[in-house]
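Below is one structure, written out as structure tokens; the observations come after it.
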Amino acid sequence: NLAKFLAWRPICDPEIGTVGESRDTLDSMKTRYRTLSVPLKDDDRSITENATRGFLTIYVSPAGKLFGGFMVGNHAGEVVSELILMMSRGIKINDVLGKTFPYPIASRVIQTAARQYAGERLSSPLVRRLLRVLYH
């Protein structure tokens with residue numbers, strides 16, 4: 001029995017995990033959303049495990065509410081579990097910026113997506129106009 005346990009492999013390699021609504025569903029409902037996609041090639045946990053194949057893609061509202069997403073890569077189940085918690089508790093993507101993650105941990109890739117979201121918001125035309133007015 002121990003030999004069977006040690007020989008166990010995931011159903012697919014790399015792992016795939018999904019949560020919430022798909023892009024097709026959001027499009028069919030005419031929902032406004034942003035797509036955040038993070039490749040694992042630069043993720044520290046993925047690099048330490050030599051498992052840089054894959055990516056995380058999540059769909060968020062303009063206000064940062066998580067609609068859904070998916071991950072392809074090692075520890076996809078762990079990351080999707082974190083996304084499920086975010087969705088069930090109404091945690092917005094920006095709220096993850098202040099969270100302390102153990103290092104290195106696979107679900108930290110969500111924080112990378114949150115930084116991408118925050119960066120995109122800071123470079124919006126409205127914010128640029130406001131900064132020009134304040135600092136010129």
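Across the range 20-37, coupling constants 3J(HN,Hα) worked out from phi with the 6.51/-1.76/1.60 Karplus curve, θ = phi - 60°, read x, 7, 8, 4, 4, 5, 4, 5, 5, 8, 6, 7, 7, 7, 10, 9, 10, 10 Hz, and Gly and Pro carry x. Using θ = phi - 60° in the Karplus curve 6.51 cos²θ - 1.76 cosθ + 1.60, the 3J(HN,Hα) couplings for the range 38-53 round to 10, x, 7, 4, 10, 7, 4, 5, 5, 5, 5, 9, 6, 9, 8, 6 Hz; x is entered for Gly and Pro. Here are some values of P(r) over Cα pairs in 10 Å bins from 0, in percent: [x] 13, 47, 34, 7, 0; [y] 10, 32, 29, 20, 8, 0; [z] 11, 37, 30, 15, 5, 1, 1, 0. Which one was computed from this structure? Answer by label: [z]. Note on Glu82: accessible area approximately 40 square angstrom, rounded to 10, probe 1.4 Å, nucleic acids and ligands left out.
Close amide H pairs (under 5 Å, H built 1.01 Å from N) link Phe67 with Tyr59, Val60, Ser61, residues at least 5 positions away or on another chain.
Across the range 90-97, coupling constants 3J(HN,Hα) worked out from phi with the 6.51/-1.76/1.60 Karplus curve, θ = phi - 60°, read x, 7, 7, 4, 5, 5, 6, 4 Hz, and Gly and Pro carry x.
The modelled label-to-label distance for the pair Lys65/Ile84, using points 7 Å beyond Cα in the direction of Cβ, is 2.1 nm. Per residue, the chain exposes 65 Å² of solvent-accessible protein surface, assessed with a 1.4 angstrom probe and all protein chains in place. Residue ranges 53-63, 20-30 sort as 53-63, 20-30 when ordered by packing (mean number of other C-beta atoms within 10 Å per residue, highest first). Note on the chain: with neighbouring protein chains present and a 1.4 Å probe, carbon and sulfur make up 58 percent of its accessible heavy-atom surface. Two tests apply to each whole DSSP H helix in the chain, Cα reach of 18 Å or more along its axis and mean Kyte-Doolittle hydropathy of at least -1.0, and the ones passing both are 76-89, 109-122. Across the options Ile91, Val38, Ile110, the greatest Cα extent toward the positive end of the charge dipole of the chain (unit charges at beta carbon of Lys, Arg, Asp, Glu) belongs to Ile91.
The values are calculated or read from the model by the stated rules, or taken from the named source; none is laboratory data. It should be emphasised that the depicted structure is a prediction, and the values quoted were computed from it without experimental measurement. Positions of Cβ are backbone-derived with ideal geometry, glycine not excepted, and every protein chain shown enters the neighbour counts. For accessibility, only protein heavy atoms count, side chains too; no ligands or nucleic acids. Shrake-Rupley method; radii C 1.70, N 1.55, O 1.52, S 1.80 Å.
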